[in-house]
1. Among the numbered conditions (1) touching a Phe, Trp or Tyr at 6+ places or on another chain (Cβ under 6 Å); (2) in contact (Cβ under 8 Å) with a residue 24 or more places away in the chain; (3) open to solvent by 10 Å² or more (accessible area, probe 1.4 Å), tell me where A:E154 comes up short.
2. Quick one: which residue in A:R67, A:R82 is open to solvent by 10 Å² or more (accessible area, probe 1.4 Å), in contact with a Phe, Trp or Tyr (Cβ under 9 Å, 6 or more places away or on another chain) and more than 9 Å from chain B (Cβ to nearest Cβ)?
3. Could you check how many residues of the stretch B:1-51 are of a type in the set (A, V, I, L, M, F, W, C), at pLDDT 95 or above, under 27 Å from the mean Cα position of the chain (by Cα) and part of a loop (DSSP other than H, G, I, E, B)?
4. Restricting to the stretch B:271-307, give me the number of residues that are within 21 Å of B:H56 (Cβ to Cβ) and either at the interface with chain A (Cβ under 9 Å from one of its Cβ atoms) or in contact with a His (Cβ under 7 Å, 6 or more places away or on another chain) (or both).
5. Can you go through B:K240, B:K228 and tell me which one is crowded, with 19+ Cβ neighbours inside 10 Å and in contact (Cβ under 8 Å) with a residue 24 or more places away in the chain?
6. Is there any pair with a first residue in the stretch A:121-143 that is over 25 Å from A:D208 (Cα atoms) and a second that is outside any helix (DSSP H, G or I) and small (G, A, S) whose Cβ atoms are under 7 Å apart and which are 6 or more apart or on different chains, and what are they?
7. Run B:D142 past the list (1) closer than 30 Å to A:A247 by Cα; (2) assigned to a loop (DSSP other than H, G, I, E, B) and report the number of the one that doesn't hold.
8. Could you please give the count of residues in the stretch A:145-155 that are more than 8 Å from chain B (Cβ to nearest Cβ) and either among the hydrophobic types (A, V, I, L, M, F, W, C) or part of a helix (DSSP H, G or I) (or both)?
Amino acid sequence: MSQPDPLLEFLLRMGDNTLVLGHRVSEWCGKGPVLEEDIALANTALDLIGQTQMWLGLAGDIEGKGRSADDLAMLRDAWEFRCTLLVEQPNGDFGQTMMRQYLFDQWHLLQLRALKDSSHDQIAAIAAKAEKEVTYHHERSADLVIRLGDGTEESRPKMQAALDLLYPYVGEFFEGDATDKTLAEAGIAPDPASLRGAFDAALSTTMDEATLTLPDSRFTHKGGKTGTRHSEHLGHLLTQMQWLQRAYPGATW
Amino acid sequence: MYAQMVKSEGPKDQDDPTKLAEFQARIDAGEKIEPKDWMPEGYRKTLIRQIGQHAHSEIVGQLPEGNWITRAPTLERKAILLAKVQDEAGHGLYLYCAAETLGVSRDEMTEMLLDGRMKYSSIFAYPTLTWADMGAVGWLVDGAAIMNQVPLQRTSFGPYSRAMIRVCKEESFHQRQGFDIMMKMCAGSPAQKQMAQDALNRFWYPALMMFGPSDKDSVHSSQSMAWKIKMNTNDELRQKFVDQTVPQAEYLGLTVPDDTLAWNEEKGGYDFAEPDWDEFFEVLKGNGPCSVDRIATRKKAWDDGAWVRDGLMAHAEKARAAKVAAE
């Protein structure tokens with residue numbers, strides 16, 4: 001089996017995470033629990049789609065086969081995607097959506113902060129821009145997890161259930177492979193495992209404040225980031241997202 | 001136009017005639033009425049209905065466009081559509097705030113929308129079936145809304161007028177992006193052009209209905225015009241919309257679905273067919289193609305969100321109590 005280009009692989013991982021999560025968040029449009037949250041959800045989705053354009057745009061340039069960010073988003077099949085399993089998970093209720101968002105944002109923020117010092121100038125520039133947006137996403141998602149965790153007798157169990165459901169998808173972010181090793185050695189991206197300590201510390205603080213209990217098991221599902229085994233959810237998401245491009249090949253929109 | 005058939009009320013017996021005359025004089029002099037100023041009860045009630053209906057239309061209006069966000073054909077189109085729908089939620093927010101200054105809460109207005117006591121614009125009870133509908137909605141629906149909202153920037157009630165100034169800036173951008181989608185579709189493959197024509201066929205008459213039936217002889221309507229709550233008659237606005245839109249359709253190479261459409265030199269405008277007003281009244285009664293779905297979706301969002309709103313309130317209360325205890 002030929003080895004993928006590590007830099008391309010890395011950019012797809014970044015861009016597919018933001019693309020798939022952006023899609024999921026956009027599914028909330030017009031259905032939020034309160035108008036301000038509708039606006040914030042749309043805003044988050046918009047930022048994530050904007051970041052996708054940058055990551056996948058650079059991926060297309062690096063690949064050098066003339067594929068645009070749109071081609072990569074709309075014309076790859078599930079096994080070619082490199083998003084983590086967490087972001088593919090369905091929205092569930094608002095609590096589940098915000099728990100997924102917080103778990104992602106907490107990793108995303110640490111990752112982007114590290115990437116700002118990347119030896120690769122374009123990656124550092126994208127990270128610097130995205131970090132500003134993600135700082136706000138993280139502030140909001142952490143705040144909502146805390147407020148709904150430490151809310152009512154009804155909201156707390158819902159948030160605990162969301163944490164129990166989604167925590168087993170967190171570990172995948174910190175699993176490293178040959179791609180990660182190559183990039184870490186080149187100073188392009190951090191070793192994923194190196195972010196775990198800061199992640200755990202922040203998670204623990206947030207969950208304490210939210211009066212929620214972290215599961216004991218560190219078991220993690222994996223296979224999304226490497227593309228070896230995505231969830232069943234991804235195919236349905238792509239069916240919807242890619243439909244027009246697949247149904248009318250070559251059309252411009 | 002996002003407020004249709006708003007039941008307007010005239011001055012009431014209890015209104016002090018001197019105050020009423022002073023109030024009218026302020027309006028005639030072009031002054032803005034602010035929330036704490038004296039106002040006739042009929043003025044206040046009519047405005048609550050009109051601004052509330054307008055706000056509800058922005059909120060329900062997220063749904064037909066939200067229907068295509070997850071299927072937008074490119075990342076850029078997805079981003080533009082998301083931004084647009086986000087703007088609409090923002091418009092809803094300003095408008096609810098403007099209505100709240102008149103003494104009604106956003107929650108009360110929401111309940112009234114969900115139980116049918118308040119309405120939203122008939123246009124949002126129609127389905128969006130293809131991507132071209134995103135173009136047609138921007139071009140025709142936002143185009144029609146702008147016709148009404150530009151004059152409303154001069155409306156007499158200060159908070160409503162200021163909300164309209166902000167809304168209009170964004171709406172004109174929305175209309176341009178809708179027209180841009182139509183241009184792309186019409187310059188595209190035969191299937192895309194057909195999709196664009198189909199969208200125009202389905203949205204033309206519902207867009208004309210947005211202005212409401214002729215109101216030139218309505219007593220209530222003339223009261224609203226005297227109070228500068230309503231700035232033009234429905235027929236004036238509809239005529240203006242047709243005159244602006246027909247050349248745009250010609251530019252796109254699309255056919256307006258009206259065999260009677262003809263330029264009338266004498267009046268300097270087009271003659272055109274009236275929409276089916278029976279259909280319009282059915283839509284207002286809740287018999288539009290998507291009426292049941294739209295309200296069911298909003299009701300589900302509201303009901304499913306109750307635990308979230310309660311949780312946030314409870315936490316805010318705990319935080320407040322903790323702060324007091326610490327002081």
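The values are calculated or read from the model by the stated rules, or taken from the named source; none is laboratory data. As the structure is a prediction and not an experimental result, all values here were calculated from the model. Positions of Cβ are generated from backbone atoms using ideal geometry, with glycine treated the same way; all protein chains shown enter the neighbour counts. Calculation scope for accessible area: heavy atoms of the full protein, side chains included, ligands and nucleic acids excluded. Shrake-Rupley method; radii C 1.70, N 1.55, O 1.52, S 1.80 Å.
1. Of everything listed in (1) touching a Phe, Trp or Tyr at 6+ places or on another chain (Cβ under 6 Å); (2) in contact (Cβ under 8 Å) with a residue 24 or more places away in the chain; (3) open to solvent by 10 Å² or more (accessible area, probe 1.4 Å), A:E154 misses just condition (2).
2. Values: A:R67 fails: in contact with a Phe, Trp or Tyr (Cβ under 9 Å, 6 or more places away or on another chain).
After applying the criteria, what remains is A:R82.
3. Adding up the residues that qualify gives 1.
4. Our first condition is that a residue be within 21 Å of B:H56 (Cβ to Cβ); within the stretch B:271-307, this holds for B:279-306.
Next, only the ones that are either at the interface with chain A (Cβ under 9 Å from one of its Cβ atoms) or in contact with a His (Cβ under 7 Å, 6 or more places away or on another chain) (or both) stay: B:297-298, B:300-302, B:304-306.
Residues flagged as within 21 Å of B:H56 (Cβ to Cβ) and either at the interface with chain A (Cβ under 9 Å from one of its Cβ atoms) or in contact with a His (Cβ under 7 Å, 6 or more places away or on another chain) (or both) within the stretch B:271-307 amount to 8.
5. Selected residue: B:K228, the only one of B:K240, B:K228 that is crowded, with 19+ Cβ neighbours inside 10 Å and in contact (Cβ under 8 Å) with a residue 24 or more places away in the chain.
6. Going by the 7 Å Cβ cut-off, the qualifying pairs are A:A124/A:S118; A:A127/A:S118.
7. (2)
8. Looking only at that region, the number is 2.
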